[in-house]
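K.L.:
Following this message is one structure expressed as structure tokens.
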Amino acid sequence: MRKIVRIICSILLIAASLFGFFSAAVGIRDVLNIRDYMNSDGLEAEEGLTLSRDGIAELREYEQEYIDGVAEYEAGLIEYAEGEKALAEGAQQLADGEAELAAGYEEYAAGEQELAEGQALIDSYTEEYNEGKATLEKIDPIIPYLEKYIAFRDGMVADIAGFETAQAWFTAVVRPVAINLGLEIPADVTDFPQWVNDYIADGKAQLKEYEEGLAALEEGRQELADGAVQLQQGEAELAAGYAEYNDGKAQLAEGAEQLAEGDAQLAEYEAGERELADAMYMILDAFTEMAREKSGEVLVPGLLEMLGGEFDPYQHDENGSIVMYRGNRHVDLDECERLCNVSDEYLKLTTSETEKELYSRAAEDLLLMIGSIFGLLAGIWGIAGCFRDRKTNGSKSGLGASVCAVIGIIIGTIFKFTDNSCPILLQNGNYEYRGDTQVVALVLLAITSIVFFVAARMTNDRKGVKETDGQI
């Protein structure tokens, strides 16, 4: 009967030890799993914080230069817009100048045509002018006759032999003389002096008109010459205007290139600001509270709670509005640096809590594994002692298994091994809490090893052998 009890207890201990051994192996693998991904995440987090700090330092170095650059860029935009406006006005002035010059050429051509027509008209009247001038000169020889006619008519001369009246003398003597001189006096002229006066006045008027035409023609030539000079000046001014316009256009193109370069440089800084702000939010989202799975006990508060419950990576003015440059929110580098500093503290706290849990779990698993090995030896010796050597009962190995299991349970109780805060990382990327299997294995090992120890001691055959001899 004693052998049967010992065999049963040995078999139960062996089963519990095998379960405990494999549970311990799984537990150690889980500890290594947690350690690996926590180290990896920790290194990644530290690298992220280092990059963030580098970004903060770089942005801080160029922050004032960026602010000054924004002011300069906006002033450049205004200047560029004014340049575009001035260039458009210049283009319009050039167009007006071309139109005015074209109109001037048309007017010049019309003046040339008018001058040619006037010259042709003058040329056509030149012969008549000369004839009229010559005819007026023919009046001079008959002036004495005119004076004599007036004196006879007015009674200043008593008579002219053979003539009773001045008109008769005129008709008979003066008119033929005038005809001989080439001066055609109509036969019906009754007032010779008046006719002469009218003739002279009309001739002088015609001569005057011709001479005025000549003067006007000369004046037109002068005006045309002045117009030609003005056209040349207009062409020179237009050419100078085009040169100035092209120069302004080149300067505007250069200004556009400089603005593009400035915009690219400012955009690079703004991209850095956006990356930094995104990194700050990613850190906030990643650094959540560390709590136990079952009880919910918070071991490390979340980063946002450590920051005071609120965080905004953007700079605000005295009115509480976000500072904007070129439509981009300006990052508060001091606030971002504060988040990085608090993140360091968060990482230290989580690392400390993780290490405590991993060390306790590793200790539990190692004690479970060692206890399981003692349990396997005890069970094997317990069975073997029933058939080969009655002095061998494995009680000491069973005691070792009991001590390891009890110590593991004590450590686990102190560090709450049934309520872990670190899950393992599965291959599919999900997380899962484990640890209950090792707890069950420790309890089973403790119970079976204690029962085995008691049974081994109670069923030990002491005849002829001291109590301590042959016990393993």
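K.L.:
Any chance segment 412-427 includes a residue that's of a type in the set (S, T, N, Q), touching a strand residue (DSSP E or B) at 6+ places or on another chain (Cβ under 8 Å) and modelled with pLDDT of 85 or more?
P.N.:
Scanning segment 412-427, I find at least one residue that is of a type in the set (S, T, N, Q), touching a strand residue (DSSP E or B) at 6+ places or on another chain (Cβ under 8 Å) and modelled with pLDDT of 85 or more, so the answer is yes.
K.L.:
Let me ask something else. Can you find even one residue in segment 336-357 that is at pLDDT 90 or above, at positive phi and assigned by TED's automatic domain parsing to the domain that holds residue 36?
P.N.:
No: segment 336-357 contains no residue that is at pLDDT 90 or above, at positive phi and assigned by TED's automatic domain parsing to the domain that holds residue 36.
K.L.:
For segment 428-437, indicate whether the set of residues that are modelled with pLDDT under 85, surrounded by 15 or more Cβ atoms within 10 Å (Cβ to Cβ) and either among the aromatic types (Phe, Trp, Tyr) or not assigned by TED's automatic domain parsing to the domain that holds residue 6 (or both) is non-empty.
P.N.:
No; the residues of segment 428-437 include none that is modelled with pLDDT under 85, surrounded by 15 or more Cβ atoms within 10 Å (Cβ to Cβ) and either among the aromatic types (Phe, Trp, Tyr) or not assigned by TED's automatic domain parsing to the domain that holds residue 6 (or both).
K.L.:
Which members of segment 393-414 meet the condition of being crowded, with 17+ Cβ neighbours inside 10 Å, over 14 Å from residue 376 (Cα atoms) and touching a residue at least 40 places away in the same chain (Cβ under 8 Å)?
P.N.:
The answer is 406, 407, 408, 411, 412.
K.L.:
Let me ask something else about it. Any residue in segment 293-313 that is among the charged types (D, E, K, R), surrounded by fewer than 18 Cβ atoms within 10 Å (Cβ to Cβ) and under 27 Å from residue 269 (Cβ atoms)?
P.N.:
yes
K.L.:
State which residue is nearest to residue 168 (Cα to Cα) when the search covers only segment 103-136 and only residues that are exposed (fewer than 13 other Cβ atoms within 10 Å of the Cβ) and modelled with pLDDT of 70 or more.
P.N.:
120
K.L.:
How many of the residues making up segment 137-160 are at pLDDT 65 or above, of a type in the set (Gly, Ala, Ser) and either assigned to a loop (DSSP other than H, G, I, E, B) or in contact with a His (Cβ under 9 Å, 6 or more places away or on another chain) (or both)?
P.N.:
1
K.L.:
I would also like to ask the following. Checking the conditions here, which among 73, 105, 37, 80 is within 30 Å of residue 219 (Cβ to Cβ), in a helix (DSSP H, G or I) and of a type in the set (Ser, Thr, Tyr)?
P.N.:
Only one candidate qualifies: 105.
K.L.:
So residue 84 passes all but one of these: (1) touching a residue at least 60 places away in the same chain (Cβ under 8 Å); (2) more than 22 Å from the chain's Cα centre (by Cα). Which condition number does it fail?
P.N.:
Evaluating residue 84 over (1) touching a residue at least 60 places away in the same chain (Cβ under 8 Å); (2) more than 22 Å from the chain's Cα centre (by Cα) leaves (2) as the failure.
The values are calculated or read from the model by the stated rules, or taken from the named source; none is laboratory data. All values derive from a computational prediction rather than experimental measurement. Note that each Cβ is placed from the backbone with ideal geometry, even for glycine, and that neighbours are counted across all protein chains shown.
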